[in-house]
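Engineer: I have a structure I would like to understand better, so I am pasting it below and will then ask my questions one at a time.
Each value in this text was obtained by applying a stated rule to the coordinates, not by laboratory testing. The structure presented is a predicted model; accordingly, all values stated were derived computationally and were not measured. Ideal geometry is used to build each Cβ from the backbone, glycine not excepted, and the neighbour counts take in all protein chains shown.
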Amino acid sequence: MGKFFGTYSRTLDEKGRLLIPAKLLSKGIQHYYVLRGFEGCLSVYEEDAFEKLEAKLEEMDFMDEESRTFIRLMTSSIQELPVDSHGRVLLGRDTLRDYAISNEVTLIGVLDHFEIWDATAYARYNLEHSGNYEALAGRKH
């Protein structure tokens, strides 16, 4: 299972393909799982990390309405993304449109997965939250 770090700017090609940065592309990977993330991004997982996420969802109480709603929203957004021989994935136009992601994207590593953000949305998010860095670090998590 990969560990993902860093920030990378990319432009989708005319077909909606995204070249995964070498530091985020695990050797021999054949596909990723992409799903609805938080704050408007897409979350991308390798199979091992995705299986752990699935296990967490399975632990949730489906009889609880809020849990059931979250499970439905998350699992209905999951897509498998094959990786081509050039290290690219095809992000369908529906996926990009649904999450308001343009051709200019920012990828950020988030430990067990990476996120795909619309570049403008990520710049805004980063600007809004960077000033809280020290305060967030001091919180008990």
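Engineer: Sequence gap at least 6, Cα distance under 8 Å: using those rules, report the relative contact order of the chain to the nearest whole percent.
Structural biologist: Relative contact order, the chain: 37 percent.
Engineer: For the pairs 15/52; 27/56; 3/23, note any where the Cα-Cα span goes beyond 20 Å.
Structural biologist: Among 15/52; 27/56; 3/23, the Cα-Cα distance tops 20 Å for 15/52; 27/56.
Engineer: Residue 77's amide H: which non-local residues (gap 5+, or another chain) put their own amide H closer than 5 Å, with H modeled 1.01 Å from N in plane and none for Pro or chain starts?
Structural biologist: 36
Engineer: Right, something else. Quick one: Karplus J couplings for segment 36-41, per residue in order, coefficients 6.51, -1.76, 1.60, θ = phi - 60°, nearest Hz, x for Gly and Pro?
Structural biologist: Each residue's phi maps through the Karplus curve to give 4, x, 10, 6, x, 9 Hz.
Engineer: Mind checking the alpha-carbon convex hull of the chain and giving the volume per residue in Å³?
Structural biologist: 128
Engineer: Turning to a different aspect of this structure: One-quarter of the Cα convex hull surface for segment 69-111, in nm²?
Structural biologist: 4.4
Engineer: Using only DSSP helix segments of four residues or longer, with each worth -39500 (n - 2.57), what per-residue ellipticity at 222 nm results for the chain after dividing by its residue count and rounding to 500?
Structural biologist: Value at 222 nm, helices only, nearest 500: -10000 deg cm²/dmol.
Engineer: Assign one of three labels to segment 32-72, namely rounded, prolate or oblate, based on the Cα gyration tensor with a ≥ b ≥ c the square roots of its eigenvalues; rounded applies when a/c is under 1.5, prolate when it is not and a/b is larger than b/c, and oblate otherwise.
Structural biologist: It is oblate, given that a/c is not under 1.5 and a/b is not larger than b/c.
Engineer: Once amide H atoms are placed 1.01 Å from N in the peptide plane, what residues at a sequence separation of 5 or more from residue 83, or on another chain, have their amide H within under 5 Å of its amide H?
Structural biologist: Under 5 Å from the amide H of residue 83 lie the amide H atoms of 31, 32, each far enough along the sequence or on another chain.
Engineer: Is the shape of segment 1-47 best called rounded, prolate or oblate, per the rule: a/c under 1.5 gives rounded, else a/b larger than b/c gives prolate, else oblate, with a ≥ b ≥ c the square roots of the Cα gyration tensor eigenvalues?
Structural biologist: rounded
Engineer: Which length gain, in nm to one decimal place, applies between residue 55 and residue 103 when the Cα-Cα distance is subtracted from 0.36 nm times their residue separation?
Structural biologist: Extra length from residue 55 to residue 103 when fully extended: 14.0 nm.
Engineer: Let me ask another. Quickly rank 14-27, 52-65, 108-121 as a protection proxy: mean count of other C-beta atoms within 10 Å, highest first.
Structural biologist: Packing proxy ranking, top to bottom: 108-121, 14-27, 52-65.
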